[in-house]
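Beneath this line is the structure, given in structure tokens, with notes to follow.
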Amino acid sequence: MKLPLSWLCEWVDFQWTPAELAERLTMLGFEVESVTTAAPPFSGVVVAEIVEAIPHPQAEKLRICRVATGQGAPLQVVCGAPNARVGLRTALATVGARLPNDVRIQAAKLRGVDSSGMLCSAKELGWNDGSSGILELPGDAPLGADLRVALDLDEPVIEVNVTPNRGDGMSVLGVAREIAALTGNPLKGPALRSVPATATGGVDAEIEPGCGCGRFWLRVVRGIDNRRASPDWLVQRLVRAGLRPVSPVVDVTNFVMLELGQPLHAYDAGRIQGALHARRARAGERLRLLFSDSDTELRGEELLIADASGPAGLAGVMGGVRTAVTESTTAVALESAWFVPEVVAGRARQLGLNSDASQRFERGTDPEGIGRALERATALIIKIAGGQAGPVVAADDATALPRRAAVTLRRRQLRRLLGAELTDERVAGALSALGMRLAATDGGWQVTPPSWRFDIAIEPDLIEEVARYVGLDSIPERPAAIAHQLRAFSETMPEEPALLQLFAARGYQECVTYGFVDPQLQAQLFGAQPAPELANPIAAQLAVMRWSLWPGLITVLRENQRRQADRVRLVEIASRFRRDGTGQVHEQRAVAGLCSGSRWPEQWSGGREAIDFHDVKGDVAALLQALGVASRVEFEPAAGIPCLHPGRSSQLVHQGRVVGHVGELHPALVRSLDLTYRCVLFEIEPGALATAPLPQFREFSAYPSIRRDISFTVAEHEPFGRIRDRVSVAASSSLRELRVFDIYQGKGVESGRKSVALGLILQDLSRTLTDEDADRIVAAVVADLARHLDAKIRE
């Protein structure tokens, strides 16, 4: 929000420089993002008057103007602006002038005619007042005066970033209240008097009970001339506040919104059929909003302003085209209303809109200020565009209006949270200056917030208010006295930093992604999973909570590959959110990773092979080893994960439960997501693996080991886990290690079977094994495999 300093000074007196004001407002919680001047730097531009304007003989759209500056003979300037005319006072950039964007004015010859300078538009001077053509100055602007001085273009303008909970601060009045409370000076502001009704007739206002509208006031002003130009003071205030002038009626409603914080809307009274109603939309109704080329279909939950012909505007957001004010409008119906913030919140974003009115209504406006804004706007419209005001028609729904309940503030709690001793007078003075009513109690005060403060609801809110106005820099620093509470440490579960270090050592980089993701991407990966939806998402592509960490990692991969990153390894430990059969949302911690590109960094000796499933499976195996469950987790063919390659993916099973997945992203998704390289993903729920046994000492053998190799064929779908289990059972305690050194399918092996070659490392704790012992163990293994897995020994 931009605030010209002169406007603020009309409401409250203060002696600070712009820099001091910016610092004090920032310390009050209103961050000042910038302090600039009303126009960017330029020099050599003066006020001039066109005394002659004739067509250019060689160009139809150009005019040869003679321009007087009050000093010396008039200058000849060639100009193409359509509004260049005799008698117009405008801005002349003389030869040698410097304009914004490092533009320098020199004498020139245009189509054979000399031009000594340039007549300037507002855009060429670095600001845009919404007009076309060269700048039109008031007729009493002093000739020859420096334009910056004549228009006060060096006036400071502060840009304030108002936090979402402080809707009361989105106006000149709101910021002036804060300054007045800090300085002790009273608010002054312009005289706001009631405008008497001199015209009869109006538009009735009605509220549908329970629709979310607390107050709906209307006033008709008849006989206006909306073709008049808004006065220069009004245009300059709007331009410096960042708004574009349009017409007297629209300019006044915008001015009052900026000044008092109450959004208004003006309807063409001649286009209204019957009374205006505040009501909820009906499913299927259509409304064409201002600045829109098509109708918006309503879903039946929006709050509308409607007449007998249907919707006339989306309450708290924007008006409709059908009842819009135009240049030919002669009677306007001014609306000043209060809407429940929760009812209008998010409506603008759902429609891809962003209006100044919606920003204020969503944060909460002052329900006691709508009459004041209506009177202020009525007076300004009559002053600028003429006309006569009708009576104010008011409709209230007391059940929808907010009730400002008293909040208890305790001295003891104030002292405990601030760590400072403050006198009762200082506390009461700070809160009273902010418009709050205080009633003393034995332990402190009962504080009733004013009607414009929606953010005061609990005791810490009041303590924050005291801290803001006492000054955070005046509160002494003291070390906090807090009892140390050591949380329980699980011996069976490594800390998350240790897991991240494990992956960092294997070439991964940690990333942190949003907990909410694109619903379309999540549906592409997992189908129609019951993911929790956000009621008020910050963007359409971040509308659901993540069912898995993979959508966020894939989004990061896409952004990196767009920036020519050809080798990406990412890991994240974060929460995912899943619904159960009863609709309850459960938050689960998960470890997830993604690898894409080459197996090794580029080097002179090669190593450009693409990463594959087995590389990432090795990383997952290292994680399981760190968790202490490597021997208890089985890798089985993945099921129910459509985003993974069916032949290059596995699910991790621990004690009969699926606790994770690892696999290559399906090639169809690689193409549809426009990924440069294939990628391999994994995701594990470490909390489900917290039953790992504690490390225990195991005696090692001092006797030599014996190796025996066997080769056999089994069904091609037989997993290695079953083979390992059967070998371990048959070999018993003599088996120290089992190695797979070959797997083969092809010539010499039956169709539908595979050849597996195992190396059995045999060793005993109490003696040296003999060849006969080893042969007996191998024979037992072979027999067990043949009996349980239909294994056939290869000679």
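Under the simplified labelling scheme, the ARG98-ALA457 pair shows an inter-label distance of 5.3 nm, with each label point 7 Å from Cα along Cα→Cβ.
State the extension gain, in nm to one decimal, for the chain segment bounded by ASP356 and THR183, taking 0.36 nm per residue of separation less the distance between their alpha-carbons. Full extension of this stretch gives 59.3 nm more.
For GLU772 and VAL729, calculate 0.36 nm times their separation in residues minus their Cα-Cα distance, and state this gained length in nm to one decimal. Present the calculation step by step, with values, prior to reporting the outcome.
Details: separation 43, 0.36 × 43 = 15.48 nm, distance 1.92 nm.
Fully extending the segment from GLU772 to VAL729 adds 13.6 nm.
Taking the accessible area of segment 400-487, probe 1.4 Å, and keeping the other protein chains in place, the carbon and sulfur fraction comes to 52%. Quick one, could you list the DSSP H helices from the chain stretching 20 Å or more along their long axis (Cα atoms) with average Kyte-Doolittle hydropathy of -0.5 or above? Membrane-span-like by this criterion, though nothing is claimed about a membrane: 370-385, 613-627, 771-789.
Taking a probe of 1.4 Å, how large is the accessible area per residue of the chain, in Å²? Spell out each step's value before the answer.
On the way: 39340 Å² over 795 residues.
Accessible surface, normalised per residue, equals 49 Å².
Measuring nothing but protein heavy atoms, the accessible surface of segment 115-230 at 1.4 Å probe radius is 48 percent carbon and sulfur.
For the chain, what is the calculated [θ] at 222 nm in deg cm²/dmol (nearest 500), taking -39500 (n - 2.57) for each run of four or more DSSP H residues and dividing by its residue count? Kindly include the intermediate steps, with their values, before the conclusion.
Values: 20 runs with 198 residues, N = 795.
After summing the helix terms and dividing by the residues of the chain, the value is -7500 deg cm²/dmol.
Model label points for ASP473 and LEU486, set 7 angstrom from Cα along the Cα-to-Cβ axis, are 4.3 nm apart.
For the cross-link pairs LYS2/LYS188; LYS617/LYS792; LYS747/LYS792; LYS61/LYS123; LYS188/LYS383, the ones whose C-alpha atoms lie over 24 Å apart are LYS617/LYS792. Recomputing volume of the Cα convex hull per residue in Å³ from the coordinates shown identifies the correct label among (i) 286; (ii) 199; (iii) 312 as (i).
Would you mind getting me the FRET efficiency between ARG415 and ASP674? Use the beta-carbon distance for r and R0 = 45 Å, nearest 0.05. Mind dumping the intermediate values first?
Working: r = 60 Å, r/R0 = 1.33.
About 0.15, to the nearest 0.05.
Modelled spin labels at LEU765 and GLN106, positioned 7 Å past Cα toward Cβ, are 9.7 nm from each other.
Between ALA757 and ALA439, residue separation times 0.36 nm minus the direct Cα-Cα distance comes to 105.7 nm.
Rolling a 1.4 Å probe over the protein heavy atoms of segment 245-360, with every protein chain left in place, gives an accessible area that is 45 percent carbon and sulfur. Relative protection proxy for 557-566, 80-89, 570-579, from highest mean packing down: 570-579, 80-89, 557-566 (other beta-carbon atoms within 10 angstrom). Straight-line cross-link reach from LYS754 at under 15 Å between alpha-carbon atoms covers these aspartates and glutamates, not counting any fewer than eight positions away in the same chain: GLU716, GLU718, ASP742, ASP790, GLU795.
Going by average Cβ neighbours within 10 Å, how do the peptides 363-373, 383-393 rank, with the highest at the top? The partial results should precede the final answer.
Working: 363-373: 21.2, 383-393: 19.4.
Put in order of decreasing packing, that is 363-373, 383-393.
For segment 571-615, the residues whose amide N sits under 19 Å from a probe point set 7 Å from the Cα of TYR514 along the beta carbon direction are 572-578.
Sort 156-162, 731-737, 668-674 by packing, meaning the average of other beta carbons within 10 Å per residue, with the highest value first.
Numbers: 156-162: 18.1, 731-737: 14.7, 668-674: 13.1.
The most tightly packed comes first, giving 156-162, 731-737, 668-674.
The calculated FRET efficiency for the pair ALA73 and ALA19, based on their C-beta separation and a Förster distance of 51 Å, comes to about 0.70. Using a cut-off of under 20 Å, list every residue of segment 350-381 whose amide N is near the label point 7 Å from the Cα of ARG193 along the Cα-to-beta-carbon line. Label zone hits: 371-381.
The values are calculated or read from the model by the stated rules, or taken from the named source; none is laboratory data. Here the structure is a predicted model, which means the values were calculated and not measured. So basically every Cβ, Gly included, is an ideal-geometry build from the backbone, and we count neighbours across all protein chains shown. Accessible surface is based on the protein model in full, side chains and every heavy atom, while ligands, DNA and RNA are left aside. Shrake-Rupley method; radii C 1.70, N 1.55, O 1.52, S 1.80 Å.
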